[in-house]
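The next block holds one structure in the form of C-alpha cells; read it before the comments.
No value in this document is a laboratory result; all are computed from the given coordinates. Predicted model, so just to flag it, every value in this text is computed and none were measured. Neighbour counts run over all protein chains shown; Cβ positions are idealised from the backbone, glycine included.
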Amino acid sequence: MIPRALYQMARAVGYGGPAILTIATHPDGSRYAGWPVGCIRLDHLLLEVLGDPADGTYRIAPDGRLTPGVGNYPADTVVRRILPYLEQARTPVEASPWIRQVSAKIRHQLIGTPDGRYTIADLAQWEAWADAADGVPWQLDGGPHRPLVWAPADDPSGRATAMLTTIYAPTDPAPPAPEALDVAR
C-alpha cells in the first residue's frame, strides 16, 4: 500500500474533514491503521515510509506525513473493538451495479452475497478500502449488517487484512427501485 491510499481511507472516514487515523499494534506485533468504521494492516515498508510511528492518533497528509492529531478513538480501543473482527468466519461478497445517492456528499454501494443477500457500505469508504486492502471482500457471517473484511481468496479462515463496517438499514437491503438509482455500473 502507498501513503496516498492510506490518506484516501482517512479522508473517506472524515467525509471531507481532517484526515485522521489511529495507529495500533495487535498483540502479535502486527501494526494497523484504525478508525471507528474499520482498520487496515500496515506493511513494514509503509511503516518505514510513515516513520515507524508509535501507537496513537495522527493527521495524515497526502504524501503520508504524519503529525500528532486529536481524536477520540485511541489505539487500545482499535485493538479491543476493531481487530477481533479480522478473525471471524465470513462469506464472499462483491459490489453490485447499484449506487444510491443519499445526500450531496454521501452515496451508498449495494454489495451482494452468493445467497442473494445484500448489505450497504458508504461508497467513498468502500472504494478507498477496496483500492488499498489486500485480498478480496468478504462479509462476516451473521446477517446483512455485519462488517466487511478483505482476505485472500484462497484462505477464507485466515486473519483478514482489513475491515469496514456496513451501514444499518431498518429492513434487509435489496436492489433499489429503478427510480432510486444514481449510477448503474
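Applying the criteria of a DSSP loop state and at most 13 other Cβ atoms within 10 Å to the chymotrypsin sites (Phe, Trp or Tyr not before Pro) of the stretch 1-93 yields Y15. Helix 123-132 and the longest principal axis of the Cα set of the chain meet at an angle near 50°. For S157, neighbours were defined as the other residues whose beta-carbon sits under 12 Å from its Cβ, and their charges (Lys and Arg +1, Asp and Glu -1) total -2.
Inter-label distance, S30 to T113: 2.2 nm, where each label sits 7 Å from its Cα along the C-beta direction.
Normalising by the residue count of the chain, find the relative contact order in percent from Cα pairs under 8 Å and 6+ residues apart.
Value for the chain: 21 percent.
Start at zero, step by 5 Å, and the Cα-Cα distances of the chain spread as 1, 8, 17, 21, 20, 15, 10, 5, 2, 0 percent across the bins. Taking other residues whose beta carbon is less than 14 angstrom from the beta carbon of R80, and scoring Lys, Arg as +1 and Asp, Glu as -1, yields -2.
Taking packing as the residue-averaged number of other Cβ atoms within 10 angstrom, the listed peptides 134-141, 119-126 run from highest to lowest as 119-126, 134-141.
A straight line joining the Cα centroids of the stretch 85-108 and the stretch 14-64 runs 22 Å.
Pair-distance distribution P(r) for the stretch 29-76, from all Cα-Cα distances in 10 Å bins starting at 0: 24, 63, 13 percent.
Taking all Cα-Cα distances within the stretch 54-102, those exceeding 17 Å account for 63%. Ordered by the number of other Cβ atoms lying within 10 Å of each residue's own Cβ, fewest first, V149, V79 fall into the sequence V79, V149. The calculated P(r) of the stretch 3-86, using every Cα pair and 10 Å bins from 0, goes 20, 59, 22, 0 in percent. Rounded to the nearest 10 degrees, the inclination of helix 3-13 to the longest alpha-carbon principal axis of the chain is 60 degrees. In the stretch 83-159, the ratio of gyration radius to Kirkwood radius, Rg to Rh, stands at 0.96 when only Cα atoms are counted. If Lys and Arg each add +1 and Asp and Glu each add -1, what is the summed charge of the other residues whose beta carbon sits under 12 Å from the beta carbon of H44? In short, -1.
Computed from phi, the 3J(HN,Hα) profile of the stretch 137-147 under the Karplus parametrisation 6.51, -1.76, 1.60 (θ = phi - 60°) reads x, 9, 10, 4, 4, x, x, x, 9, 6, x Hz, with x in place of Gly and Pro. Working note: 222 nm ellipticity from helices only, DSSP H runs with n ≥ 4, each -39,500 (n - 2.57), summed and divided by the residues of the chain, gives -4000 deg cm²/dmol to the nearest 500.
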